[in-house]
Amino acid sequence: MNLEEILRRRHSVRAFDDRPVRLEDILALGEAARLAPSACNSQTWRFVAVTDRGLIARICDEATRPFIRNEFLRQAPLVIVGCSQLDVVANRLGTAITGIEYFQIDLGIAMEHMVLRATELGLGTCWIGWFRENKVKRILGIPRRIRVSAMLAVGYPRGEETRAHSRKPLSEILFADRWGEPLGPIDSGVFG
Ligand SMILES: Cc1cc2nc3c(=O)[nH]c(=O)nc-3n(C[C@H](O)[C@H](O)[C@H](O)COP(=O)(O)O)c2cc1C
């Protein structure tokens, strides 16, 4: 699969079969994250790969939030918890000057590296951003100073592949030189 095929194939998967994710594949996801760029090469990302079913059930029971309960997480054979160990230069000084939360950008890039590698390995993933950070930290013994900003459910997709991509047209998101200026004759983009 080349990169464009991976990008087109990736979609959020919320139903998984019983197969566990192999250790070598978990390591491959970690390696994909490790190669990611980060502000000042600060590499603030840390990951907890949770495969213990009891811990995953506790995350579901204790760390989800109302409205979007993310119940599907319970069946995921692997949950990757995305953490950040903040850095003095990039995350304290840098953010104080620019107001940009570099650690969040860095974690997003690293975790999307994992998502794309997982897609290549035939695994399905879904980002989880709606949860209680402090509860997840307590369940997994993550120190208070560490931030937890996102999780990924990972596993082999169960059932029919459903692809419900809907995307804004390219003309709405990509401008030429100045805000709002169209970039030539561009149209709806690849996902329609
Ligand atoms: C930062 C982030 C947080 C998300 N949080 C959740 C979540 O808590 N629960 C969920 O079911 N999907 C979550 N998603 C998945 C999005 O709903 C999904 O990516 C979007 O609808 C586009 O669909 P696609 O991934 O299939 O292209 C999240 C995605 C991102 C990037």
If I ask for residues that are more than 16 Å from the ligand (Cβ to nearest atom) and in contact with a strand residue (DSSP E or B) (Cβ under 6 Å, 6 or more places away or on another chain), which ones from the stretch 11-31 would you list? Val21, Ile26
Could you pull out every one of the helices (runs of 4 or more DSSP H) wholly within the stretch 1-63 that has 3 or more residues that are closer than 14 Å to Leu152 by Cβ? 23-34
Can you tell me which of (1) of a type in the set (A, V, I, L, M); (2) surrounded by 12 or more Cβ atoms within 10 Å (Cβ to Cβ); (3) more than 18 Å from Phe131 (Cβ to Cβ); (4) touching a helix residue (DSSP H, G or I) at 6+ places or on another chain (Cβ under 9 Å) is the one Leu3 doesn't meet? (2)
Selected residue (only one of Lys168, Lys135 is loosely packed, with under 12 Cβ neighbours inside 10 Å and either at pLDDT 90 or above or assigned to a loop (DSSP other than H, G, I, E, B) (or both)): Lys168
Residues within the stretch 32-72 that are of a type in the set (Ser, Thr, Tyr) and within 16 Å of the ligand (Cβ to nearest atom), tallied: 1
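The values are calculated or read from the model by the stated rules, or taken from the named source; none is laboratory data. If you're wondering where the values come from, they're calculated on a predicted model, not measured in any experiment. Backbone-built Cβ (ideal geometry, glycine too); neighbour counts: all protein chains shown.
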